[in-house]
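Notes for the one structure printed next.
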Amino acid sequence: MIPGVSSGRRRFGDLSEQEVLALAISNEEDDARIYRQYAERLREEFPSSAKVFEEMAVEEDEHRRRLIEAHQRRFGDVIPLIRREHVSGFYARNPIWLIENLGLERMRSEASEMERQAEQFYRKAADRSTDAETRKLLGDLAAAEAGHNELAGELEARYLSGEARAEEDRSAHRQFVLTWVQPGLAGLMDGSVSTLAPIFATAFATQNTHTTFLVGLAASIGAGISMGFTEAASDDGELSGRGSPLKRGIASGVMTALGGLGHALPYLIPHFWTATIIAMVVVFVELWAIVWIQNRFMETPFLRATFQVVLGGALVFAAGALIGGG
């Protein structure tokens, strides 16, 4: 937006009381839709949490009903069309399709923030109202929104027993591992290990840092693109439950490229041995990071992960160095 140029939005302070009520009605409609979308998204994997969001949507419907009754009493049946995006500086909701990228805990956090913003809106709206009944209603709704976190806790206690909550948390963690950690780890391993030989072979064969960097850059980007497309095309996630192929492809492709770039970037340094020593240190850090991730998220025994990754990486590095040095 260009400073000083009108965006076509109204300031909240310039809205009439009828427009404030209309805005409140549309807000409640939007929030109820969002909660129902959350519930639909969670229904298969997290049915208990889905019930919590369904109950919260019902609560928003009740708020909308009370607001419509107040509007009918004061202004009649025709409700002006005004939404959040029509008001300058008004809090916004994320597009509904972005919930596909939200995990269970993030949805709970988003819901808590929605209630906080709604409470703030109703308090400001109540301060501007000159009608006693409307002012009372808006104040009551502000209190209700402030109490929604407590309501959410009561609903979770009703639908989410300790065992159900623990099971959903385990399912969420498992889904995170399958969708992001597993393909990302595979990519990091491939990028870190498979690019060792060409990069260090080029380095020792040419002792030219610029050439080595270009080879490393090409190998890393190429491997990232290849791994990303391979992961995305290998499994649509419907039967395996591994989640979105797009997310897995991004995780695999990006981590593959980063794994290779880690020990290619030091060759931006013009001094050959300085760049090579730094690259070796980076390789050491990368391999041990992979061991830690395998042990932490994939529950691979530490010694087994060390043998697979560090020994394998050392052999690939040695092969590249010997071929380049020869």
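The values are calculated or read from the model by the stated rules, or taken from the named source; none is laboratory data. The shown structure was predicted, so the numbers you read here are calculated from the model rather than taken from an experiment. Positions of Cβ are generated from backbone atoms using ideal geometry, with glycine treated the same way; all protein chains shown enter the neighbour counts.
Kindly list, by first and then second residue, each pair from a residue in segment 213-224 that is under 10 Å from Tyr267 (Cα atoms) to a residue that is outside any helix (DSSP H, G or I) and among the hydroxyl-bearing types (Ser, Thr, Tyr), limited to pairs with Cβ atoms under 7 Å and residues at least 6 apart or on different chains.
Gly216/Thr195
Can you say whether Asp61 is within 30 Å of Pro245 (Cα to Cα) and at pLDDT 90 or above, as far as the supplied structure shows? Lay out the reasoning, then the answer.
Working: within 30 Å of Pro245 (Cα to Cα): no; at pLDDT 90 or above: yes.
So Asp61 does not fit the description; no.
State which residue pairs qualify: first residue assigned by TED's automatic domain parsing to the domain that holds His263 and within 14 Å of Gly184 (Cα to Cα) and inside segment 287-305, second residue of a type in the set (Ser, Thr, Tyr) and not in a helix (DSSP H, G or I) in any location, beta carbons under 7 Å apart, and separation of 6 or more residues or different chains.
Short answer, once both residue conditions are applied: Gln294/Thr300.
Considering only residues that are in a helix (DSSP H, G or I), of a type outside the set (A, V, I, L, M), under 32 Å from the mean Cα position of the chain (by Cα) and surrounded by fewer than 15 Cβ atoms within 10 Å (Cβ to Cβ), which ones fall in segment 285-326? Write out each step before concluding.
As a first pass, look at segment 285-326 and keep what is in a helix (DSSP H, G or I): 285-297, 302-325.
From what's left, of a type outside the set (A, V, I, L, M): 286, 288, 292, 294-297, 302, 304, 306-308, 312-313, 317, 320, 324-325.
Retained after the next criterion (residues that are under 32 Å from the mean Cα position of the chain (by Cα)): 286, 288, 292, 294-297, 302, 304, 306, 308, 313.
Answer for segment 285-326, where residues must be in a helix (DSSP H, G or I), of a type outside the set (A, V, I, L, M), under 32 Å from the mean Cα position of the chain (by Cα) and surrounded by fewer than 15 Cβ atoms within 10 Å (Cβ to Cβ): Trp292, Arg296, Phe302, Arg304.
Does Ala218 satisfy the criteria of being within 18 Å of Gly324 (Cβ to Cβ), out of contact with any Phe, Trp or Tyr (no Cβ under 8 Å at 6 or more places or on another chain), surrounded by fewer than 19 Cβ atoms within 10 Å (Cβ to Cβ) and small (Gly, Ala, Ser)? Lay out the reasoning, then the answer.
Values: within 18 Å of Gly324 (Cβ to Cβ): yes; out of contact with any Phe, Trp or Tyr (no Cβ under 8 Å at 6 or more places or on another chain): yes; surrounded by fewer than 19 Cβ atoms within 10 Å (Cβ to Cβ): yes; small (Gly, Ala, Ser): yes.
So Ala218 passes the test.
Please specify each residue of segment 43-55 satisfying the condition of being assigned to a helix (DSSP H, G or I) and surrounded by fewer than 23 Cβ atoms within 10 Å (Cβ to Cβ).
As a first pass, look at segment 43-55 and keep what is assigned to a helix (DSSP H, G or I): 47-55.
Result: Pro47, Ser48, Ala50, Lys51, Glu54, Glu55.
Of (1) in a helix (DSSP H, G or I); (2) touching a residue at least 24 places away in the same chain (Cβ under 8 Å); (3) of a type outside the set (Gly, Ala, Ser); (4) surrounded by 20 or more Cβ atoms within 10 Å (Cβ to Cβ), Pro266 satisfies all except one. Which?
Exception for Pro266: condition (2).
Scan segment 83-123 for residues that are at pLDDT below 80 and in contact with a strand residue (DSSP E or B) (Cβ under 9 Å, 6 or more places away or on another chain) and jot them down.
Answer for segment 83-123, where residues must be at pLDDT below 80 and in contact with a strand residue (DSSP E or B) (Cβ under 9 Å, 6 or more places away or on another chain): Ser88, Gly89.
Kindly indicate whether Arg73 is charged (D, E, K, R) and under 23 Å from Gln120 (Cα atoms).
Working: charged (D, E, K, R): yes; under 23 Å from Gln120 (Cα atoms): no.
No.
Where in segment 171-243 are there helices (runs of 4 or more DSSP H), lying fully within it, with 3 or more residues that are assigned by TED's automatic domain parsing to the domain that holds Ala257, polar (S, T, N, Q) and modelled with pLDDT under 85?
Working: elements: 182-194, 196-206, 209-234.
No helices (runs of 4 or more DSSP H) qualify here.
Could you grab me the full set of residues in segment 16-42 that are more than 29 Å from the chain's Cα centre (by Cα), crowded, with 21+ Cβ neighbours inside 10 Å and not aliphatic (A, V, I, L, M)?
None - no residue of segment 16-42 is more than 29 Å from the chain's Cα centre (by Cα), crowded, with 21+ Cβ neighbours inside 10 Å and not aliphatic (A, V, I, L, M), so the list stays empty.
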